[in-house]
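A quick write-up on the structure given underneath.
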Amino acid sequence: VNAQSAANYAFSTNSSGSLALDMNSNALDMSTGTSTMIGAGVFGGASETREMGFEFWYMGTRCNTFNATSNGLIGLQANNTLVASSATSLAFSTGNRIVVFQNGIAGANMITNLANGKVHTKLFGSEGSFVRVIEWLNMSLNNTSTTVDATFQLRMYQATGVIEFVYGAMNIGFGGPYNTCNAGFSTTTTAVQSINFSSQSSSNSLVNNILPNGIITSLNSSFNGSRRVYRYTPATPSAATGINFTSVTANSGTLNWVDNSSDEVGFAIYRSVDAGATYKFFNLTTANLTSFGFSAPQLLPSTNYMWRVHTIREIPASPTSGTLTTLAGNTIISVASGNWNTPATWVGGVVPITTD
């Protein structure tokens with residue numbers, strides 16, 4: 001069966017994280033230059049769609065936009081589909097959803113603090129190693145509380161597809177006998193990774209953590225260097241190899257490769273027209289294909305096109321790369337004055353096409 005799986009994400013956790021450093025010890029300054037998604041005092045609110053700033057491959061889907069809710073969720077989109085403010089947990093997931101900390105299975109129980117709470121975001125790094133950070137800052141984890149209870153972050157890493165949760169001070173304000181919370185990610189109600197706060201583990205079925213009011217000891221930390229971190233690292237599929245080109249003409253050709261994977265969901269094809277300085281996404285094939293054809297107007301005569309093919313499961317494998325050089329266009333000479341589309345205008349009665 002060719003399919004992505006939440007089980008192909010390796011789970012790890014530690015208590016030595018920082019809200020000011022990423023997993024590679026690069027600085028993350030969220031005190032300035034961020035973009036506010038949800039302002040102070042919003043209960044059960046959802047932001048508009050934002051650009052990711054890079055391609056983030058998630059469970060075999062190429063996502064480039066996202067939105068967030070005040071309830072600790074984000075939705076990842078390929079087609080600008082928002083996750084609704086009423087979305088409250090992994091239990092009801094019908095799309096690409098990441099839950100960093102959601103309090104209240106039955107309803108939206110989290111609110112940005114009236115004084116200085118917000119959900120904001122910032123892009124760090126450079127092309128190939130971007131990190132998108134979304135931070136829930138100064139949250140009231142129970143909507144009956146007016147205290148500043150929590151700050152936590154979601155990080156998404158371009159280079160590796162890693163999903164990372166980092167928690168600061170975490171406290172549930174008083175307002176009920178217990179609180180039902182969950183965290184993890186999903187694409188459907190059955191494709192789930194869900195965290196157990198007590199055992200510090202993750203499973204492929206929904207975990208509803210029952211927490212008393214007060215400090216959440218399994219998550220809470222007041223100091224950088226001692227923050228609780230949960231990290232999901234996707235396994236990389238076997239890379240395609242042996243890229244080559246056949247049936248090349250002035251305006252067409254076939255791209256071929258060797259499929260070395262038994263469980264890919266497809267192959268992502270990228271093209272560069274600037275000698276490899278930048279590659280842009282061109283197409284995503286179905287599984288088990290080993291060739292893809294191009295024709296006009298995709299190709300022009302006497303032009304170098306650099307191509308990359310990535311095996312895709314949850315994330316892309318390293319590419320196999322090659323260069324296709326199209327042939328020169330034919331030279332056709334007019335022999336009489338006349339309309340372009342009249343054969344008698346041209347030598348041999350051959351009407352020129354766009355590549356001639």
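For the range 287-336 and the range 159-226, what is the centre-to-centre distance using only Cα atoms, to the nearest Å?
47 Å
Under the classification rounded if a/c is under 1.5, otherwise prolate if a/b is larger than b/c and oblate if not, where does the range 216-356 fall, given a ≥ b ≥ c as square roots of the Cα gyration tensor eigenvalues?
Prolate is the answer for the range 216-356, as a/c is 1.5 or above and a/b outweighs b/c.
How about the range 1-68: which GluC sites (Glu not before Pro) there are in a DSSP loop, with at most 15 other Cβ atoms within 10 Å of their Cβ?
Counting only loop positions with at most 15 other Cβ atoms within 10 Å, the GluC sites (Glu not before Pro) in the range 1-68 are GLU48.
Quick one: net charge of ILE111's neighbours, Cβ under 13 Å, K/R +1, D/E -1?
0
Give, to the nearest whole percent, the P(r) tail of the chain beyond 39 angstrom, counting all Cα pairs.
Tail fraction, whole percent: 29.
Calculate the spin-label point distance for SER205 paired with ALA84, positioning each point 7 Å from the Cα along the beta-carbon direction, and give it in nanometres.
Each label point lies 7 Å from its Cα, and together they span 2.8 nm.
Could you give each residue of the range 39-44 its phi-based ³J(HN,Hα) in whole Hz, using Karplus coefficients 6.51, -1.76, 1.60 with θ = phi - 60°, and x for Gly or Pro?
Result, rounded to whole Hz: x, 5, x, 9, 10, x.
Residues with beta-carbon under 11 Å from that of PHE282, excluding PHE282: net charge, scoring Lys, Arg +1 and Asp, Glu -1?
That sum, taken over residues with Cβ under 11 Å, equals +3.
Taking the chain as a Gaussian network, Cα atoms linked when under 10 Å apart, which of SER25, SER261, SER202 shows the biggest mean-square fluctuation?
SER25
Under a GNM of the chain (C-alpha, springs under 10 Å), which listed residue has the highest mean-square fluctuation: GLY53, GLY266, GLY128?
Sorting by GNM fluctuation, first place goes to GLY128.
So which chymotrypsin sites (Phe, Trp or Tyr not before Pro) in the range 251-356 pass both tests, a DSSP loop state and at most 12 other Cβ atoms within 10 Å of the Cβ?
Listed in order of number, the matching sites are TRP340.
Please sort by residue number the chymotrypsin sites (Phe, Trp or Tyr not before Pro) in the range 136-234 whose DSSP state is loop and whose Cβ has at most 16 other Cβ atoms within 10 Å.
Filter output for the range 136-234: PHE174, TYR178, PHE223.
With springs only between Cα atoms under 10 Å apart, run a GNM on the chain and tell me which of GLY293, GLY41, GLY75 wobbles the most.
With Cα springs under 10 Å in the chain, the top fluctuation among GLY293, GLY41, GLY75 is at GLY293.
Considering only protein heavy atoms and a 1.4 Å probe, what is the carbon-and-sulfur percentage of the accessible area of the range 308-353?
C and S atoms contribute 56 percent here.
Measuring with a 1.4 Å probe in the full set of protein chains, what accessible area per residue, in whole Å², belongs to the chain?
42 Å²
The values are calculated or read from the model by the stated rules, or taken from the named source; none is laboratory data. In this text, all values refer to a predicted model and were calculated from it rather than measured experimentally. Note that we place each Cβ from the backbone using ideal geometry, even for glycine, and neighbour counts take in every protein chain shown. These accessible areas exclude ligands, DNA and RNA; they are computed on the full protein's heavy atoms, side chains included. Shrake-Rupley method; radii C 1.70, N 1.55, O 1.52, S 1.80 Å.
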